[in-house]
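Each value in this text was obtained by applying a stated rule to the coordinates, not by laboratory testing. These figures come from a predicted structure and were not determined experimentally. Don't worry about glycine lacking a Cβ; one is built from the backbone with ideal geometry, like all the others, and counts go over all protein chains shown.
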Amino acid sequence: MEKLVSLCQRRGFIFPSSDIYGGLSACWDYGPVGVELKRNVKEAWWRASVQDRDDMVGLDTAILMNPRVWEASGHVTAFSDPLVECKGCHQRFRADDLPPEAEGRCPSCGGEFTEPQQFNLMFKTFMGPVEDAASVVYLRPETAQGIFVNFANVLNTSRKRLPFGIAQVGKSFRNEITTGNFIFRSREFEQMEIEYFVRPGSDDEWFAYWVKERLGWYAGLGIRPENLRLRQHTEDELAHYSRCCSDIEYNFPMGWAELEGIANRADYDLKQHMEYSGKGLTYLDEETNKHIIPYVIEPSAGVDRTVLAILCDAYDEEPDKDEIRVLFHFHPDIAPVKVAVLPLSRKENLAAFARDVYASLRPCFATQYDDTQSIGRRYRRQDELGTPYCVTVDFQSLEDNMATIRERDTMNQIRVPVPALAATLQNKLAGEDIFVLPEGGVIWKEETKGG
Ligand code: ATP
């Protein structure tokens, strides 16, 4: 994990928040490369969850909501973790998350703990110019409630029929007691949540459907199946409203931990909001002509944890001559940079040629232009960014109008006519073998390979 954190900082994936002021505990900033990776993850999720489906619509609701929402949802009274304080060094810990080897004593100084107290994880602030109890609002600790309170709005405007779902991606905030493991547990993070409404009685079937669907989504991002597993919650872990819940877990460097929770929440949320708001949140069943309260299946994923899983899964070190080559084997769909254009020299005539190649590729892919340092260093840098293909132009390119494509994972190279570059790269990014050549293309010489 330490290697990953330092590489992420060095290459512009992720920085500590407000770094020049010493950072802020459990808050992170995504750099120029990290933001692309994160956007690709969110876009892949949105495409799979909303755009590719007839039975889903999206929403983007406000982070600040009427505080009654959090009373109805149970967060004001029950969204808390047991907090203990060390009587010696006064550090605070989550009582249910202490390392077993600490044997119930302070992991820092071995001191005795106070009795556990429930600590509410919601961040509070004030709305308007007066800071009193009546103006308290919360930063949302999940995006889900924005979906439930809009159930009738969506139903009335989209005319969806059961079963259908509503999806949302957005920031959530939790004043976590124990944080750590890089972006795994932070105080400000992003979630990708689906509330999928179904007829009561069909909920078990839909629960199984979503578990399979969501596991498949992670595998489709290139995460190795052996690093993913499903863990069903035991009876005593289940929230009181939850009929069943399974976590999709990833084998992180610190061990197996939750990537996504999938819960059958029955009709708990809609019922609560009906009671607290006095508004009807029922569904007129066209089959029976009766009003019913749908059940809901909730696949709730974390953007940052998905990014972390992808980083861990794609990270690799391999021996390369006398050195170690460090690279990310990102799936091309989520790689932050798809193609890098590297002129062999900065000489004016070659630079102009390379710039033209770059301009022709940039509208098609996330493309970088890099003309600093030796070609070998530049290949290594692109490997560390996980760029699937590098395009090199050299002085011979000026004569034969050909450029070299170098594949990240194998370091194999082919030489193709510049007019065929975009289409060839498109095919390679879609999974075509590097040695499938376009017309006029050749396999590049062994001795110049590797860079
Ligand atoms: P945990 O048990 O790890 O605290 P949780 O069960 O409280 O997680 P949920 O409330 O089910 O988490 O939230 C859904 C998803 O949101 C989680 O699976 C995770 O991916 C993400 N998530 C929750 N809390 C955090 C956090 N503090 N930092 C980053 N991601 C988070």
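Going by the alpha-carbon gyration tensor, a ≥ b ≥ c the square roots of its eigenvalues, is region 351-393 rounded (a/c under 1.5) or, if a/c is not under 1.5, prolate (a/b greater than b/c) versus oblate? Oblate, since a/c reaches 1.5 and b/c is not below a/b. Which pairs in the list 3/38; 38/271; 212/279 are over 23 Å apart, alpha-carbon to alpha-carbon? Pairs exceeding 23 Å: 38/271; 212/279. Distant-in-sequence amide contacts of residue 252, defined by a placed amide H-H separation under 5 Å and a gap of 5 or more residues or a different chain, comprise 257.
Mean projected area of the convex hull spanned by the Cα atoms of region 1-110, taken over all viewing directions: 11.9 nm².
Let me know the whole percent of all Cα-Cα pairs from region 273-366 that are separated by more than 17 Å. Don't skip to the end; give the middle numbers.
Details: 3308 of 4371 pairs.
Of the Cα pairs, 76 percent sit more than 17 Å apart.
Ignoring aspartates and glutamates fewer than eight residues from residue 160 along the same chain, the ones with Cα atoms less than 16 angstrom from its Cα are 52, 54, 55, 195, 285, 286, 287.
If you plug the beta carbon distance of residue 188 and residue 318 into 1/(1 + (r/R0)^6) with R0 = 35 Å, you get a FRET efficiency near 0.50. Got a sec? Charge dipole of region 123-177, +1 on Cβ for Lys and Arg, -1 for Asp and Glu; which of 149, 173, 163 is way out at the positive end? With unit charges placed on the Cβ atoms, the residue in question is 163. Put a plus charge on the Cβ of each Lys and Arg, a minus charge on the Cβ of each Asp and Glu, and nothing anywhere else: the dipole of region 305-451 about its Cα centre is then about 440 debye.
Hey, if you drop one equal point scatterer on each alpha-carbon of the chain and run the Debye formula without solvent, what base-10 log of I(q)/I(0) do you get at q = 0.09 Å⁻¹? Results for the chain at q = 0.09 Å⁻¹ read -0.72. If the cut-off is 22 Å between C-alpha atoms, which lysines fall inside it for residue 445, apart from same-chain ones fewer than 8 positions away? Cross-link targets: 321, 428.
Calculate the FRET efficiency for residue 27 and residue 235 from the Cβ-Cβ distance with a Förster distance of 51 Å, rounded to the nearest 0.05.
It comes to 0.90.
Judged by the ratio a/c of the largest to the smallest principal axis of the C-alpha gyration tensor, region 346-428 counts as rounded, that ratio being less than 1.5.
With a ≥ b ≥ c the root eigenvalues of the C-alpha gyration tensor of region 139-242, is it rounded (a/c under 1.5), prolate (a/b larger than b/c) or oblate? Since a/c reaches 1.5 but b/c is at least a/b, the shape of region 139-242 is classed as oblate. Derived scalar couplings between HN and Hα for region 99-115 equal x, x, 5, 6, 6, x, 10, 4, x, 7, 10, x, x, 7, 9, 6, 5 Hz in order, rounded to whole Hz, by the Karplus curve 6.51 cos²θ - 1.76 cosθ + 1.60 (θ = phi - 60°), x for Gly and Pro. The trypsin sites (Lys or Arg not before Pro) found in region 47-139 that occupy coil by DSSP, while having at most 12 further C-beta atoms within 10 Å, are 87.
Farthest toward the positive end of the dipole of the chain, out of 83, 413, 66, is the Cα of 413, where the dipole comes from beta carbon charges about the Cα centre.
Look at the dipole of the chain built from charges on Cβ: of 197, 113, 332, the Cα furthest out on the positive end belongs to 332. Based on the reciprocal of the average 1/r between different C-alpha atoms, the Kirkwood radius for region 77-165 equals 17.0 Å.
In debye, nearest 20: dipole of the chain around its Cα centre with unit charges on the Cβ of K, R (+) and D, E (-)?
Details: 51 positive and 70 negative charges, 214 e Å.
Charge dipole of the chain: 1020 debye, to the nearest 20.
Under the convention that each Lys and Arg Cβ holds +1 and each Asp and Glu Cβ holds -1, the size of the dipole of region 90-241 around its Cα centre is about 740 debye. Loop-located GluC sites (Glu not before Pro) in region 231-268 (DSSP state not H, G, I, E or B) with no more than 10 neighbouring Cβ atoms inside 10 Å do not occur. Remark on residue 137: its backbone amide H falls under 5 Å from those of 125, 126, 127, a criterion applied only to residues 5 or more positions apart or on other chains, H modelled at 1.01 Å from N.
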